[in-house]
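In what follows, a structure is listed as structure tokens, so that the remarks can point back to it.
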Amino acid sequence: MSFTVAIDGPAAAGKGTIARAIAERFGFHHLDTGLLYRVVGSKLLEAGPLSDIEARAPVIAGRIVEADLSDKRLRDEEVSAVASVVAAIPAVRGALIRFQRRFAAREGGVVLDGRDIGTVVCPDAEVKLYVTAREDIRAERRFEETRNHPAAPGRQVVLEAIRARDSLDSGRSAAPLRRAKDAVLLDTS
């Protein structure tokens, strides 16, 4: 039997931190679903010029295996930018939903965090959380995460990136970011 915890919310709200803590506390499997889109972005970048993304990205998404999620380059800024683009492609989302649902069907407990887990991927999850925070707080958190990296962006650039990502995530036609009606709201501000 499987028990699913679905955690959704915008970037830098703390959903990953909460998801990892729940998984560790209860011995559940954890999937940061954003990494799936980053894998697609990374593989597109590896393959050469970013052309014909609409056709190539779904093929890559359909071939992802769990081992792909451990690539250290997935957090690179260049990968992140491409991941945001591919996340808006309905065929990519369709392929990755299948991966996520297979993961959620594992025996024991699972925790998935992302943008559309409680609304699209696992609408019947036993527990749903929507984790959010004020955009200035989220931008400061993201700034602190990256400030020691070479070529780290300034606070204002990070805030603008958070705003742009929020707009992309909530404005896309395929599985937009939104709170499931039965999700518990956690404001981590």
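The values are calculated or read from the model by the stated rules, or taken from the named source; none is laboratory data. Because the structure is a prediction, the values reported are computed rather than measured. Every residue, glycine as well, gets a Cβ built from its backbone with ideal geometry; the counts of neighbours run over all protein chains shown. Ligands, DNA and RNA are excluded from the accessible area calculation, which covers all protein heavy atoms including side chains. Shrake-Rupley method; radii C 1.70, N 1.55, O 1.52, S 1.80 Å.
At-a-glance table
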read-out	value
Members of region 123-140 that are surrounded by 14 or more Cβ atoms within 10 Å (Cβ to Cβ) and more than 23 Å from ALA87 (Cα to Cα)	VAL127, ILE137, GLU140
Filtered residues of region 12-39 (kept if farther than 18 Å from GLU145 by Cα, out of contact with any strand residue (DSSP E or B) (no Cβ under 6 Å at 6 or more places or on another chain) and either β-branched (Val, Ile, Thr) or open to solvent by 50 Å² or more (accessible area, probe 1.4 Å) (or both))	ALA21, GLU24, ARG25, GLY27, VAL39
Qualifying residues in region 54-94 (those that are under 22 Å from ALA161 (Cα atoms) and β-branched (Val, Ile, Thr)) - the one most open to solvent (accessible area, probe 1.4 Å)	VAL85
Number of positions in region 10-44 that are farther than 26 Å from GLY171 by Cβ and more than 14 Å from the chain's Cα centre (by Cα)	9
Residue satisfying all of: in region 146-169; under 18 Å from the mean Cα position of the chain (by Cα) and free of Cβ contacts under 8 Å to residues at least 12 places away in the same chain; most open to solvent (accessible area, probe 1.4 Å) among these	SER167
Condition broken by ALA19, with the remaining ones in (1) in contact with a helix residue (DSSP H, G or I) (Cβ under 6 Å, 6 or more places away or on another chain); (2) outside any strand (DSSP E or B) satisfied	(1)
